[in-house]
Amino acid sequence: MKPGLDWHQPHPSAESEQFAADLHAALSSAPKAISPKYFYDEAGSKLFEQICELPEYYPTRTELALLQTHAADMVRHFGPQVQLVEYGAGALRKVRLLLDAMPRDGVQFVPVDISGPHLLAACDGLAGDYPGLAIQPLVADFTRPHTLPLCAEGTRRVGFFPGSSIGNFTPAEADAFLRLAAGELAGGGLLIGIDVVKDHDVLHAAYNDAAGVTAAFNLNVLRRAQCELGAEFPSDGFEHLAFYNPAYQRIEMHLRATRPLELRLGDEVYLFNEGETLHTEHSHKYTVAGFQALAQRAGFTPGKVWADKNGWFAVLWLEA
Ligand code: AVI
């Protein structure tokens, strides 16, 4: 081996290797489909933050308003001593509204997220703003079995899963997550945000914003494939496609080939017909009653519901 040559070869991270393996599998499947988790590199996470601010994207601001208005009422369901577990913690913005309504010495906060660096950075920020708050971050995939810190005697474990992120799970994944949560939250409960079925035009606009941010977010999967994995395809070969599929009560996001084309990944060449898509995300919408029934089958007892005046978004208390 020539000294120095190897030095310049970027060592593919384990994450990139997984991305490559999943993308090969996605492109070999029929229909072609990949997990939405690949949206969220640094650029994709920034685009998602921009989506949350878009005039057409109502879920974030509607849920925030519900938390701002009803936090005191929500935390009344938790009990005085709480281990608060946030699933898929991210930036830890929304939980602050709950923490502000809770006695500081009665809560142990356990944010769970798969991305260690992001989680720890967010926890540092939270610790600075909430001195004395007991924070025990857990780096884990919360959809898989994991071990939460022990809960002290007389403390209830309460889950928090905001953002309607459960909508990005298939119904089977949602069911599996709810069963797992009902088990580990037994004796406590779950506070969860869901996006509610509504006028199709409102839904369509939320995923087809005029500024094109959602399109850039969707196309980011292919940009990542280009930058991280050296994938090759015509730069104008794919376009954003998002539509409401009423049969499944979900928004579907796809990347659609604008013409017949080849996508080269490693040693493989994948063919796309004109109009053929790579399915990148589904975002399920629920009725409150439908979601409560799902939660009940998974072991929860549905409790209070907080919704905005249009009934577009709901935060549900589920007793475990
Ligand atoms: C994170 N998740 C709840 C968002 C949603 O609405 O399904 C992701 C998103 N996709 C496009 N816009 C936003």
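Whether a residue is more than 21 Å from the chain's Cα centre (by Cα) and either modelled with pLDDT under 90 or β-branched (V, I, T) (or both) was assessed, and D105 passes this test. Of everything in the range 194-228 that is of a type in the set (K, R) and touching a Phe, Trp or Tyr at 6+ places or on another chain (Cβ under 9 Å), the residue that is farthest from the ligand (Cβ to nearest atom) is R224.
The combined condition, being surrounded by fewer than 23 Cβ atoms within 10 Å (Cβ to Cβ) and away from the ligand (no atom under 13 Å from the Cβ), is not fulfilled by L191.
Would you check which residues across the range 58-97 are farther than 23 Å from L138 by Cβ and touching a Ser or Thr at 6+ places or on another chain (Cβ under 8 Å) and list them? Scanning the range 58-97 gives P59, E63.
Against the test of being in contact with a His (Cβ under 8 Å, 6 or more places away or on another chain) and within 16 Å of the ligand (Cβ to nearest atom), the options I34, I51 yield a single qualifying residue, I34. Residues in the range 98-115 that are open to solvent by less than 10 Å² (accessible area, probe 1.4 Å) and in a helix (DSSP H, G or I): L98, L99, G106. On inspection, V95 fails the criterion of being open to solvent by less than 40 Å² (accessible area, probe 1.4 Å), within 25 Å of L190 (Cα to Cα), out of contact with any Asp or Glu (no Cβ under 8 Å at 6 or more places or on another chain) and β-branched (V, I, T).
Note on the range 277-307: among residues that are open to solvent by 20 Å² or more (accessible area, probe 1.4 Å) and within 16 Å of the ligand (Cβ to nearest atom), the one that is nearest to the chain's Cα centre (by Cα) is H282.
Of all residues in the range 246-263, those that are β-branched (V, I, T) have Cβ atoms under 8 Å from Cβ atoms of residues that are assigned to a loop (DSSP other than H, G, I, E, B) and more than 13 Å from the ligand (Cβ to nearest atom), 6 or more apart or on another chain, in T258/D236; T258/G237; T258/E274. Take the residues in the range 163-178 that are surrounded by fewer than 15 Cβ atoms within 10 Å (Cβ to Cβ) and in a helix (DSSP H, G or I), then tell me which one is farthest from the ligand (Cβ to nearest atom). If we take residues in the range 163-178 being surrounded by fewer than 15 Cβ atoms within 10 Å (Cβ to Cβ) and in a helix (DSSP H, G or I), then A172 is farthest from the ligand (Cβ to nearest atom).
Just one of the numbered conditions (1) touching a Lys or Arg at 6+ places or on another chain (Cβ under 9 Å); (2) more than 15 Å from the ligand (Cβ to nearest atom); (3) over 26 Å from G212 (Cα atoms) is not true of E86: (2).
When you scan the range 45-54, do you find a residue that is part of a helix (DSSP H, G or I), open to solvent by less than 40 Å² (accessible area, probe 1.4 Å) and farther than 21 Å from F217 by Cβ, even just one? No - not one qualifying residue is present in the range 45-54.
Within the range 28-44, which residues are assigned to a helix (DSSP H, G or I) and acidic (D, E)? Result: E42, single match. Candidates A225, A215: the one that is surrounded by fewer than 20 Cβ atoms within 10 Å (Cβ to Cβ) and at pLDDT 95 or above is A215. Among the residues of the range 75-92, those identified as open to solvent by 10 Å² or more (accessible area, probe 1.4 Å) and not aliphatic (A, V, I, L, M) are R76, H77, G79, P80, Q81, G88, G90. Listed by first and then second residue, the pairs with beta-carbon distance under 6 Å, at least 6 apart or on different chains, first residue in the range 159-186 and under 21 Å from F78 (Cβ atoms), second open to solvent by 30 Å² or more (accessible area, probe 1.4 Å) and within 16 Å of the ligand (Cβ to nearest atom), are P162/K94; S165/G88; F177/T143. Residues of the range 55-74 being more than 29 Å from H200 (Cα to Cα) and open to solvent by less than 20 Å² (accessible area, probe 1.4 Å), which ones? Correct list: A71, M74. Restricting attention to the range 126-148, does a residue exist that is in a helix (DSSP H, G or I), of a type outside the set (G, A, S) and open to solvent by less than 30 Å² (accessible area, probe 1.4 Å)? Yes, the range 126-148 contains a residue that is in a helix (DSSP H, G or I), of a type outside the set (G, A, S) and open to solvent by less than 30 Å² (accessible area, probe 1.4 Å). Condition check for E239 on (1) within 16 Å of the ligand (Cβ to nearest atom); (2) under 18 Å from K285 (Cα atoms); (3) without any contact (Cβ under 8 Å) to a residue 40 or more places away in the chain: one failure, at (2).
The values are calculated or read from the model by the stated rules, or taken from the named source; none is laboratory data. Please read all numbers here as calculations on a predicted model, not as lab measurements. Positions of Cβ are generated from backbone atoms using ideal geometry, with glycine treated the same way; all protein chains shown enter the neighbour counts. Ligands, DNA and RNA are excluded from the accessible area calculation, which covers all protein heavy atoms including side chains. Shrake-Rupley method; radii C 1.70, N 1.55, O 1.52, S 1.80 Å.
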